[in-house]
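Down below is the structure, laid out as structure tokens.
Laboratory data are not the source of any read-out in this text; all were calculated from the coordinates shown. Values in this document were obtained by computation on a predicted structure and should not be read as measured data. With ideal geometry, Cβ positions are generated from the backbone for all residues, glycine too; neighbour counts draw on all protein chains shown.
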Amino acid sequence: MQDLTHLNILGTRGVPATHGGFETFAQRLALWLVRRGIGVTVYCQSDGPVDLGGREDRWNGIRRVHFGTRRNGAAGTVEFDLKCVRHVLRQPGIDLVLGYNTAVFNLLQKFCGRRVLMNMDGIEWKRRKWSMPARLWLLLNEIVGANLADLPIADHPEIGRHVSRRTLRRPVMIPYGADPVLRADEAPVRALGLEPGRYFVSIARIEPENSVLEIVEAFLEADTGMDLVVLGSFDADNPYHRKVRALGRGRVRFPGAIYEEERVRALRFHARAYLHGHQVGGTNPSLVEALGAGSAVIAHDNRFNRWTAGAGQHYFRTRADCRNLIGLLATDERALAAARSAARVRHRERFLWEDVLTQYHEVLFGALDTAAAPERIAEVAAE
């Protein structure tokens, strides 16, 4: 019988969060549970071939197990995930796996009789950046993950419906969360040479599926006299990255990836509007955080973004649409105020951290058979 007063979190680079949405979520959930007397272990990936034996320490009451890898990139992530699975087999508690990219390894946990819950993330295998072998690997793991988990968790109704087609298990829908931002220091904005309220911001991985090039093109065509800030890591060897930077050179700010929470919060809060070009995925963290900051949103028009941002925001299908919407929010104060107000309402309705973490607590420690969460399961089918 597994210890139901301890949770093991696998599938992220670890805490404290410095890399992305899953790391931020893992940190928030772990700290929230620790404050309620529940033990939490988070597996953390070290850079390079250090911690090969699994060094342990504690951070804010969270037990951390560190593993390094002999490989870099995707191969290193696969190596790290396998080490974590092997280690957790000997640990107390239930297991929450964030992402399905190496779900075939999680079969070991099932063979050992462990309870495994899995956040199914987005539809990763559809991303154009992956080679065909990588896509097949991800598709295989999506199918395996949906069927091995005691409870598949979707962060968006569309992801829930997608997962439902992979398995007879009923997924539960719990979105991502964000804090409300009611004020923010202007200093990080001015340090970049920006004027509060006189710039647009995009925060995304620089990939074709995130429409970054189209957003830059549309912004330049709109010619608003304002600035555009594109936050994200650029690689000089990546042709798409080079094309985006070349197009925007001299007219678009590329400060790189910024992970300091205060700086990113300020850039969101003081922006004229947030530009979100994501075409695939679920409840994208960056979009949820924009709603929490009360940002007007111009988003790619798809079922994922429309559910997340709600009816009060603006959506584009083409570059011309995006250009026109940028022009609208640059000049129309009433449209801007309405979108900002709608963002706060939508965030309050769906994406408060306290609500999200409470739902996770319920399914982790009270409803592993999904019986105690009928509303969340019904939502997958009904929304």
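Expressed per residue, the C-alpha convex hull volume of region 99-171 stands at 75 Å³. As a proxy for reagent exposure, ranking Y240, Y199, Y176 by other Cβ atoms within 10 Å from fewest up yields Y240, Y199, Y176. Projection of the Cα convex hull of region 292-349, averaged over all directions and equal to a quarter of that hull's surface, yields 3.6 nm². Comparing Cα centroids, region 135-161 and region 197-222 end up 30 angstrom apart.
Taking the average, over residues, of other Cβ atoms within 10 Å as the packing measure, peptides 282-288, 205-211, 143-149, 89-95 rank 282-288, 143-149, 205-211, 89-95 from highest down.
Taken over region 187-350, the convex hull of the Cα atoms encloses 103 Å³ per residue.
For region 122-234, the extents of the C-alpha atoms along the principal axes are 53, 35, 22 Å, listed from largest to smallest.
Measure nothing fancy, just the Cα-based angle from helix 132-148's long axis to the longest principal axis of the chain, in degrees from 0 to 90, nearest 10. Taking the Cα atoms of the chain, the angle to 132-148 is about 60 degrees. Annotation: amide H of A257 within the under-5 Å range of G232, S233, F234, sequence separation 5 or more or interchain, hydrogens built in the peptide plane. Counting only alpha carbon atoms, the long axis of helix 21-35 and the longest principal axis of the chain meet at about 60°. Of the two radii for the chain, the radius of gyration is 0.97 times the Kirkwood radius, both from the alpha carbons; that is the Rg over Rh value. Could you tell me which trypsin sites (Lys or Arg not before Pro) in region 6-85 are loop residues by DSSP with no more than 10 other beta carbons within 10 angstrom of their beta carbon? Counting only loop positions with at most 10 other Cβ atoms within 10 Å, the trypsin sites (Lys or Arg not before Pro) in region 6-85 are R36, R70. Just report the Cα centroid separation between region 279-302 and region 53-67, whole Å. When both Cα centres are located, 33 Å separates them. The string of couplings for region 273-281 from the Karplus curve (6.51, -1.76, 1.60, θ = phi - 60°) is 7, 9, 9, 10, x, 4, 9, 10, x Hz, one whole number per residue in order, with x for Gly and Pro. Relative to the dominant Cα principal axis of the chain, helix 73-88 is inclined by about 40°. Remark: region 60-180 carries a charge dipole of roughly 340 debye about the Cα centre, counting +1 on each Lys and Arg Cβ and -1 on each Asp and Glu Cβ. Build a GNM of the chain with springs between Cα atoms under 10 Å apart, and of T318, T24, T102 the one that fluctuates most is T318. Take every DSSP beta bridge whose two residues both sit in the chain; close to 10 percent of them are antiparallel.
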